[in-house]
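Read the structure below first, then the notes.
The values are calculated or read from the model by the stated rules, or taken from the named source; none is laboratory data. Just so you know, these numbers come straight off a predicted model, no measurement behind them. Cβ placement follows ideal geometry from the backbone for every residue including glycine, while neighbour counts extend to all protein chains displayed. The accessibility values were calculated without ligands, DNA or RNA, using every heavy atom of the protein model including side chains. Shrake-Rupley method; radii C 1.70, N 1.55, O 1.52, S 1.80 Å.
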Amino acid sequence: LNSLVVFFVGRVTEVSNLTRIEESDLAMVGNQRHHTPHRPRSKTLIFTLLLFSISLLVILYTFSSSSRPSISNLNQSNPTETSFVASLEQFLIHKAPKLSIRDDTVRGESDDDDPRKLDEMVFERENRLLNEDPVYPVGFPVKVYVYEMPKKFTFDLLWLFRNTYKETSNATSNGSPVHRLIEQHSVDYWLWADLISPESERRLKSVVRVHQQHEADFFYVPFFTTISFFLLEKQQCKSLYREALKWVTDQPAWKRSEGRDHIFPIHHPWSFKTVRKFVKNAIWLLPDMDSTGNWYKPGQVSLEKDLILPYVPNVDRCDDKCLSESAPKRTTLLFFRGRLKRNAGGKIRAKLGAELSGVKDVIITEGTSGEGGKLAAQGGMRSRSLFCLCPAGDTPSSARLFDAIVSGCIPVIVSDELELPFEGILDYKKVAVIVSSSDAIQPGWLVNHLRSFVPSQVKKFQSSLAHYSRHFVYSSPAQPLGPEDLTWRMIAGKLVNIKLHAKRSRRVVKGSRSICRCDCWRPNSTTAANSLSPLLS
């Protein structure tokens with residue numbers, strides 16, 4: 001349209017110039033013949049041409065506007081999908097074939113695998129930024145380099161899940177459906193799918209993907225550790241873990257920082273377990289810290305370097321409208337559906353079950369996370385209950401907490417060692433009742449405590465839940481203030497400290513001294529023994 005405007009304006013200008021030339025020439029001829037020439041009606045001609053041009057442009061603009069998709073049509077053609085299975089299907093069938101490789105990942109021995117060369121390029125970039133703008137915002141947006149790993153670590157595993165989840169009825173030793181567990185821990189898929197999407201389809205401003213390693217703040221390792229753990233044979237899985245470890249640690253960026261700026265999605269506590277001691281410097285995306293030592297070795301995880309991410313909810317979100325409509329039906333005081341026999345800190349479940357069984361307005365039932373369990377849990381959490389009991393499981397965290405939040409059911413957290421996602425941004429006291437294990441198992445204490453909340457306090461909790469629930473719903477495309485967005489906002493806050501340790505490690509003489517650290521945790525007496533007791537006494 002702009003080109004047509006230029007074209008017609010140019011033509012009108014040419015006609016105007018030619019007319020003026022013609023008038024000048026005729027005037028000269030007329031002077032020579034001593035008579036007045038017949039002057040053409042130049043102004044009328046120019047006006048006619050201009051009017052014709054404007055009319056034609058209006059017609060063209062109207063046509064182009066009618067054929068141009070509106071914003072609403074664009075949103076309809078690219079709807080938000082929150083189902084892992086449905087999003088994965090769309091990704092593998094329609095998006096993956098269109099993806100192209102444009103990065104500088106080292107795939108073998110070459111002249112570019114020297115970490116010193118990369119270090120010099122990073123220094124030049126950071127020094128230029130610092131001198132050009134001394135107050136430039138460090139770490140925002142986060143610049144992430146996504147490794148182009150061989151397909152056996154990425155696409156092949158996603159296809160394996162896609163091709164088997166309908167046919168299999170595999171369960172873990174405690175009866176949990178394997179594929180449902182993979183869905184609960186699918187944070188690796190949601191983050192990766194967003195990062196590698198075309199920029200025109202992405203909505204997050206907190207993170208950008210870069211295709212040159214020296215431009216990156218962080219390096220994302222897209223290895224699906226949970227799928228490989230649950231769907232591959234044991235020895236096949238261990239072999240794949242070793243191959244992935246070698247592939248990543250051979251990269252110059254890994255050698256440069258010893259992995260401190262690398263992000264590993266290790267969201268299931270069993271995943272990558274056989275080799276993760278070799279990547280302990282990296283940033284781990286975890287479901288919790290588990291300071292009891294049952295799942296992670298001492299020194300492997302910390303809030304300083306790692307990040308807690310929420311489980312993927314197993315129930316549909318209850319928004320403002322849903323909460324308003326369900327409010328009169330929420331007559332159950334406290335609801336729990338799940339396994340009552342758990343290990344470690346999860347032993348509190350059996351004690352709570354015994355204490356709360358048979359209490360008026362309290363529902364405590366045994367159940368699993370299969371499809372039937374999903375429907376039963378959704379009915380109890382989303383439609384009938386004010387409070388939802390969220391005790392520790394085999395680990396301090398449980399997917400139930402996030403199911404409760406998105407369902408509009410006020411969580412009652414009974415897990416003394418629990419670390420919560422995005423706590424640097426969110427205040428969980430606004431949406432949850434947090435009680436100690438020792439108080440919760442006292443006869444009558446928990447029910448009386450919940451009954452003490454007046455309707456205005458309950459309504460305030462529910463209002464906060466309606467606002468907070470969006471922070472725990474993974475989606476494609478990833479939404480602003482969704483869990484993917486908050487992940488990168490939290491990681492941005494770690495950048496300066498990571499740079500400090502990466503540079504320090506290259507400067508300090510090996511073996512001269514260790515980094516001073518303070519491990520300030522003390523296990524609760526009801527869930528774990530205190531190994532420091534002999535020293536303290």
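Would you work out if segment 192-276 is rounded, prolate or oblate? Take a ≥ b ≥ c from the square roots of the eigenvalues of the alpha-carbon gyration tensor; rounded if a/c is under 1.5, else prolate when a/b is larger than b/c, oblate otherwise. Provide the component values of the computation, followed by the final result.
Working: a/c = 2.54, a/b = 1.47, b/c = 1.73.
Here segment 192-276 falls in the oblate category.
Apply the a/c threshold of 1.5 to the C-alpha gyration tensor of segment 320-473 and tell me whether it is rounded, prolate or oblate. Could the numbers behind the result be given before it?
Details: a/c = 1.28, a/b = 1.20, b/c = 1.07.
Judged from the Cα gyration tensor, segment 320-473 comes out rounded (a/c under 1.5).
What is the sum of charges around Val362, taking Lys and Arg as +1, Asp and Glu as -1, for the other residues whose C-beta is under 13 Å from the C-beta of Val362?
Result for the neighbourhood of Val362: +2.
What ³J(HN,Hα) values, in whole Hz, does the Karplus curve 6.51 cos²θ - 1.76 cosθ + 1.60 give for segment 210-222 when θ = phi - 60°, with x put for Gly and Pro?
Karplus values, whole Hz, x for Gly and Pro: 10, 10, 10, 4, 6, 8, 8, 8, 9, 10, 9, 9, x.
Where the only charges are on Cβ atoms (+1 Lys, Arg; -1 Asp, Glu), what is the dipole of segment 320-473 about its Cα centre, to the nearest 20 debye?
Numbers: 21 positive and 14 negative charges, 94 e Å.
Dipole of segment 320-473, to the nearest 20 debye: 460 debye.
As a quick test, which of the pairs Lys95/Lys277; Lys234/Lys273; Lys95/Lys151; Lys143/Lys255 have an alpha carbon distance above 24 angstrom in this structure?
Working: Lys95/Lys277 35 Å; Lys234/Lys273 12 Å; Lys95/Lys151 15 Å; Lys143/Lys255 19 Å.
Over 24 Å apart, Cα to Cα: Lys95/Lys277.
Below 14 angstrom from the Cβ of Ser228, what's the summed charge of the other residues (Lys, Arg +1; Asp, Glu -1)?
Summing Lys and Arg as +1 and Asp and Glu as -1 gives +3.
Please list, in chain and number order, the residues 5+ apart from Ala478 or on another chain whose amide H is under 5 Å from its amide H, with Hs placed from the backbone.
For Ala478, the qualifying residues are Arg203.
Any idea of Ile425's accessible area? Nearest 10 Å², probe 1.4 Å.
Spelled out: Ile425, probe radius 1.4 Å, area about 80 Å².
Roughly how much of Lys430 is accessible, in Å² to the nearest 10, using a 1.4 Å probe?
Probe radius 1.4 Å; accessible area of Lys430 about 110 Å².
Given H placed on each backbone N at 1.01 Å, which residues far from Leu309 in sequence or on other chains put an amide H within less than 5 Å of it?
Distant-sequence amide H within range of Leu309: Leu286.
Grab the Cα-Cα distance for Ser456 and Glu201, subtract it from 0.36 nm times how many residues apart they are, and report the gain in nm with one decimal.
87.6 nm
Could you report segment 320-473's accessible area per residue, 1.4 Å probe, as an integer in Å²?
Numbers: 6600 Å² over 154 residues.
Averaged over the residues of segment 320-473, the accessible area is 43 Å².
Considering only protein heavy atoms and a probe of 1.4 Å, how much of the accessible area of segment 193-276 is carbon and sulfur, as a whole percent?
50 percent
Sequence-distant or interchain residues sharing an amide H contact under 5 Å with Tyr220, placed H: which?
Residues meeting the criterion, in which the H sits 1.01 Å from N, are Tyr145, Val146, Tyr147, Ile263.
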